[in-house]
């Protein structure tokens, strides 16, 4: 997971949540987002995507 670019990680998380994928997979993505200290970046990214209807 360390080689996955930030944008791909955040997109994957958003799509996993939207598709209601396995909770263990979502938790794995969340742990990586936290490990990389991307929590604020993730929130801003998700808000921006919603604002511009890019889902």
Among the residues of the range 22-48, how many are surrounded by 14 or more Cβ atoms within 10 Å (Cβ to Cβ) and outside any helix (DSSP H, G or I)?
-> 2
Between residues in the range 15-43 that are on the phi > 0 side of the Ramachandran plot and free of Cβ contacts under 8 Å to residues at least 60 places away in the same chain and residues that are surrounded by 11 or more Cβ atoms within 10 Å (Cβ to Cβ) and assigned to a helix (DSSP H, G or I), which pairs lie under 6 Å by C-beta distance while being six or more apart or on different chains?
-> none
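Values quoted throughout were computed directly from the atomic coordinates according to the rules given, and no laboratory measurement underlies them. All figures in this text were calculated on a predicted structure; none of them were measured in a lab. Cβ sites come from the backbone with ideal geometry, for glycine too, and all protein chains shown count toward neighbours.
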